[in-house]
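Just below is one structure, and these are the notes that go with it.
All of the numbers you see were taken from the coordinates with simple rules; none came from a lab. Small disclaimer: the values here were computed from a predicted structure and weren't measured. Here Cβ is always computed from backbone atoms with ideal geometry, including for glycine, and neighbour counts include all displayed protein chains.
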Amino acid sequence: MRSTIIGLLFVIIVPALPARLDVTQRPGDIWLEIPELHTRVEGNDSVVLQGQPSNISHLVVHIAAQPQEARYGDIHTVVNTEAADSITNKSSTTDGIICDLDLSHWGGGFQIRPGRNSLEAHYLDRRQRLHYASFLLQFGEPSSTKGTRSIPSMPRPAAPQRITGEKYAVVVGISKFKNSIGGIPNLKYAAKDAAAFQQFLESPAGGSFPHENIKTLFDEDATSQNIRSALLTFLTKPRPQDLVVIYFAGHGAADPNDNRNLYLLAYDTDPNDMGGTAFPMVEFQEIFDRVVKARHVVTFIDACHSFGITGERASSHQNNLVNQYLERFASAADRAVITASDVSELSLEGPQWGGGHGVFTYYLLEGLGGKASSGAVTAGELFSYLAQQVPKATGGQQHPQAQPGLAKDLSLTGASRAASKGDTKLGAVRAAL
């Protein structure tokens, strides 16, 4: 149900002419061919594939439209969240338009990798209606590819990276939504989990974050404007030697009017105006690049509580790519981004976890509190603990993900397990669990 984050921000371009999604009316409008595997994948579907992904040199997107219906310049492709128009060759046939993605172009920069990959294709027709489809390609059996980007149990580093500067955090938890009747389902424990995480940060075991260095936004306070202020203004304070922690517990969803755009939902998000009332995923990169000066950034995101703002599973109609897009924001050294669940998985919450918590935050606090390590917990040790405990607790329904570039040696706690046992604040956090 939730997760912890770090660094965010935005830059979003709104098209001059508003477009409406027109995928469900024509489900066969866009489909994918993988020539080397003699495989066809329908739009908005996911498949498990065998073989070596490095042997895949071309992906071919088929669009059931003629050039007079969809101009070449209005057709766009995206591979693993990166724009791929530069490697896409477009041509027409009697059946429509073919987009041939040459993955070997530009030195193989778009090469398909082991584990999970995503491909997106979209175009505007002559009536300015948006047609969009996404494809998830997973190499290996589901049991072995869940957590493909995860870090297995690893030896403890000889010298975990210690933080010598100050510590700052933004903690957001949203259980109640202003427009819950209008299509955004309330959650039960997101705000409670965020409060428990804040309490842990202020404890000696959590690093004794100064109260004034933690910006907290729970429920009604977590408006889109306040979230922006916290991320874009408050996080300008940390210096390069400082530590920044970002934690978000709430909903993550695509805009129902334009599935290309993914958002973290605020308390006051309007489903009919996501662009103006929610936090765009594309803003994360701007925060990492321009706002947060701190080299050490830890992000926990527990945001995929729904496949869509209706709260209904829609895996046959739409892939939830929120976590897929988080991967591109975590490549710098000394950063750790851990999300609560894999692509198109729900983040679960319930009374069975400590009387009422999200399963991810429940084990997150257990791990940070000492169960992930006998000493100060590192990012790698924490993720190994989460990757074992969360799937076990959910019967394999939920798999936390550590994004590429995880700074596994980064110390996340301020005291050893032995020292933390006598800490009354940490005891209170555990009691809350």
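Results, tabulated for the structure shown:
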{"item": "Sorted by Cβ density within 10 Å, fewest first, the residues Val359, Val60", "result": "Val60, Val359"}
{"item": "Computed E for His58/Ser180 - FRET, C-beta separation, R0 45 angstrom, nearest 0.05", "result": "0.50"}
{"item": "Peptide ranges 80-93, 265-278 listed from the most packed, as the mean C-beta count within 10 angstrom indicates", "result": "265-278, 80-93"}
{"item": "Where N is the number of residues in the stretch 30-128, Cα Rg divided by 2.2 N^0.38 Å", "result": "1.05"}
{"item": "Amide proton proximity set for Leu410, modelled H, under 5 Å, gap of 5+", "result": "Gln161, Ala379, Gly380"}
{"item": "Note, ³J(HN,Hα) from phi for the stretch 56-72, Karplus 6.51, -1.76, 1.60, rounded to Hz, x at Gly and Pro", "result": "7, 9, 9, 10, 10, 9, 9, 10, 7, 7, 8, x, 6, 8, 9, 6, 3"}
{"item": "Residue-by-residue Karplus 3J(HN,Hα) for the stretch 243-251, coefficients 6.51, -1.76, 1.60, Hz, glycine and proline x", "result": "10, 10, 10, 10, 10, 10, 10, x, 9"}
{"item": "Spin-label model distance (nm) - Ser374 vs Gln241, 7 Å beyond Cα toward Cβ", "result": "3.3"}
{"item": "Gln225-Ser91 FRET efficiency (beta carbon distance; Förster radius 41 Å; 0.05 resolution)", "result": "0.30"}
{"item": "Vicinal HN-Hα couplings computed from phi for the stretch 32-40 (Karplus, 6.51 cos²θ - 1.76 cosθ + 1.60; Hz; Gly/Pro x)", "result": "10, 10, 10, x, 4, 9, 6, 10, 10"}
{"item": "Computed FRET value (nearest 0.05) for Gln50 with Asp273, which takes r as the C-beta separation and R₀ as 45 Å", "result": "0.55"}
